Amino acid sequence: MQHSKLYYIALLSMLLMADAAKAQDLLDLVDTDKPKKEVVKNAFKSIRVINGHSMEFLSPGTMDFRILHRFGQLNQPNNFGGLDQASMRLGFDFGLTRYLQFGVGRSTFKKEFDGYIKLAPIRQSTGTHAFPATIAFVGGMTLNTLPYADPTAHNYFTSRIAYYGQMIIGRKFSEGITLQVSPTIVHNNIVPLANQPNDVYAIGFGGRLKMNKRTAFTWDYYYLINGIQKDAANVPLNYNPLSIGVDIETGGHVFQLHVSNSAGMNERAFITETTGSWEKFDVRLGFNLSRIFQISHKK
Amino acid sequence: MKISILLIAVLSIASVSNAQKFFTKTGKINFDATAPKSPENIDGVNKNSICVIDSKTGELQFSVLMKGFEFERALMMEHFNENYVESDKFNKTTFKGNITNNESINYSKDGVYPAKVKGKLDMHGQTKDIETEGKIIIKAGKVQVTANFNAQFEDFKIAIPQLVADKVAKFAKINVDCTLDPLAK
């Protein structure tokens, strides 16, 4: 009798357990995968914050066709807010893998070509083996193709070349906030002034504040550690470039509208040759227009 | 003695009922949201959808990772995840429902059975009742589930801006094709 009572209790509890198992969600039976490693994307809407490289990479197999304009200074008289004149850069950027990208461009300013390779050993990711930030490296060069100032002198081709190297450390803190720091070195093979350094060190800061799904506020600043030149009266000849803008995504295009004291659109130009001063309001309107094309199709 | 026989019987019933479940982790779900006059196709496919059926009760459940949708163009995938379904916030879409005519389907006999399904689709933080008809095809111990239905973006609070209205339709045609294996546990 004692024994059978125990059996009944055991049986009852087993039935109850079976019931409990049934109440469990069907999906829980199979959906047991841990979240996979996933690269954090869309830290910026574009591969450039405004002037400088962003921590974002193009998707593999895509090409970014970029048309950049920088208008004349806003504070010039009779110049329609600077819109009467424009400097531009055409660029083609290619995404090879999620970690590798390269691009070429041509600017009207100094008829300069530029090219770069951007590589990310680590990208910010979630899931297993997550990492909190993207670390990327950029190596690039620029080539001035203006006629030689003095064609009769012995001119060296290498004097037209400048190089830059950059490290980008960036993090998308939330859907709305992204910040990045980018220590940069620009090397000019030749500089116009005797006391001017060939190597200019700068630290770039860039960020984005997303206002809604399709618009974001962006800013881009480079602090020059050396390389700010001054004239005899101690007035600076060049300044730290600061750009403030808005990214607007329209589906097919990304428009980056901004105000900047810099006219240059490659690293050499905007880091070492920004002649406008925010204090004197020597700023310009400008825009970057980006359109992404899919050039390789995976099937 | 009698009771221990009963126990064994209960245990074996329990294991039989387990074998009545079918599942897959490689189900195919695709959607097409191409507007009538769109110059390009707006469609994507997820080949890693999870689907489970309890053949005894007729329960049917799906779980789909939104980031698992593949597109012809990388930019479309980015926009899908960032601007439309907001995959970082709502990473999964689930459907939990029942086959209402489950008793007319014989899971142990090969054949094509029409199936009526009713349940709740949970997408983009919104839940909506869905009712559709599909097919259950039993072949060599496997269960194939196919169905088509439409989901209105408005019902799921997925906004389609005017700017892309000529390309993206107001609803998605959803096509389900999953082949399920018996769940051994």
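Points to keep in mind about this one:
- Within the option set A:THR184, A:THR218, being within 24 Å of A:LEU68 (Cβ to Cβ), at pLDDT 95 or above, open to solvent by less than 60 Å² (accessible area, probe 1.4 Å) and in contact with an Asp or Glu (Cβ under 6 Å, 6 or more places away or on another chain) holds for one residue only, A:THR218.
- Check on B:ASP129, surrounded by fewer than 17 Cβ atoms within 10 Å (Cβ to Cβ) and within 29 Å of B:ASN102 (Cβ to Cβ): yes
- For the range B:101-116, the criterion of a residue being open to solvent by 90 Å² or more (accessible area, probe 1.4 Å), in contact with a Gly (Cβ under 9 Å, 6 or more places away or on another chain) and within 14 Å of chain A (Cβ to nearest Cβ) is satisfied by no position.
- Criterion: farther than 30 Å from A:ASP150 by Cβ and surrounded by fewer than 16 Cβ atoms within 10 Å (Cβ to Cβ) - qualifying residue of A:ILE203, A:ILE228, A:ILE190: A:ILE203
- Of the criteria (1) within 14 Å of chain B (Cβ to nearest Cβ); (2) closer than 18 Å to A:GLY286 by Cα; (3) in a loop (DSSP other than H, G, I, E, B), which one A:GLN76 fails: (1)
- Residue match in the range B:70-87 (condition: touching a Cys at 6+ places or on another chain (Cβ under 7 Å) and not basic (Lys, Arg)): no
- Count of residues meeting criterion [assigned to a strand (DSSP E or B) and within 14 Å of chain A (Cβ to nearest Cβ)] in the range B:158-178: 2
- Check on B:PHE95, closer than 22 Å to B:GLY141 by Cβ, crowded, with 21+ Cβ neighbours inside 10 Å and within 11 Å of chain A (Cβ to nearest Cβ): no
- Considering only residues in the range A:43-70 that are within 23 Å of A:GLY286 (Cβ to Cβ) and surrounded by fewer than 20 Cβ atoms within 10 Å (Cβ to Cβ), the one that is farthest from the other protein chains (Cβ to nearest Cβ) turns out to be A:HIS69.
- For the range A:164-215, the set of residues classified as under 16 Å from A:SER54 (Cβ atoms) and of a type in the set (Phe, Trp, Tyr) consists of A:TYR164, A:PHE173, A:PHE205, listed by residue number.
- Restricting the range B:41-69 to residues that are open to solvent by 50 Å² or more (accessible area, probe 1.4 Å) and within 11 Å of chain A (Cβ to nearest Cβ), the residue that is nearest to B:LYS120 (Cα to Cα): B:GLU59
- Verdict on A:ILE228 being at pLDDT 95 or above and either among the β-branched types (Val, Ile, Thr) or in contact with a helix residue (DSSP H, G or I) (Cβ under 7 Å, 6 or more places away or on another chain) (or both): no
- The set of residues in the range A:29-39 that are at the interface with another protein chain (Cβ under 9 Å from one of its Cβ atoms) and open to solvent by less than 90 Å² (accessible area, probe 1.4 Å) comprises A:LEU29, A:VAL30, A:ASP31, A:GLU38.
- Count of the range B:26-40 residues, restricted to those that are within 13 Å of chain A (Cβ to nearest Cβ) and crowded, with 18+ Cβ neighbours inside 10 Å, is 1.
- Strands (runs of 3 or more DSSP E) fully within the range B:22-133 that include at least 3 residues being more than 16 Å from the chain's Cα centre (by Cα): B:111-123.
- Among the residues making up the range A:249-289, those that are touching a Phe, Trp or Tyr at 6+ places or on another chain (Cβ under 8 Å), of a type in the set (Phe, Trp, Tyr) and open to solvent by 40 Å² or more (accessible area, probe 1.4 Å) are A:PHE255, A:TRP278, A:PHE287.
- Close Cβ contacts (under 7 Å, 6 or more residues apart or on different chains) running from residues in the range A:249-275 that are within 14 Å of chain B (Cβ to nearest Cβ) and on the phi < 0 side of the Ramachandran plot to residues that are open to solvent by 20 Å² or more (accessible area, probe 1.4 Å) and outside any loop (DSSP other than H, G, I, E, B) comprise A:THR250/B:LEU163; A:GLY252/A:ARG291; A:HIS253/A:LEU289; A:HIS253/A:ARG291; A:PHE255/A:ILE248; A:PHE255/A:PHE287; A:PHE255/A:LEU289.
- Residue, modelled with the lowest pLDDT, within the range A:167-181, restricted to residues that are open to solvent by 60 Å² or more (accessible area, probe 1.4 Å) and charged (D, E, K, R): A:GLU175
- Hey, A:SER243 outside any strand (DSSP E or B), open to solvent by less than 10 Å² (accessible area, probe 1.4 Å) and not acidic (Asp, Glu) or not: no
The values are calculated or read from the model by the stated rules, or taken from the named source; none is laboratory data. Because the structure is predicted, anything quoted here is derived from the model rather than measured. Don't worry about glycine lacking a Cβ; one is built from the backbone with ideal geometry, like all the others, and counts go over all protein chains shown. Heads up: the accessible areas ignore ligands, DNA and RNA and are worked out on the full protein's heavy atoms, side chains in. Shrake-Rupley method; radii C 1.70, N 1.55, O 1.52, S 1.80 Å.
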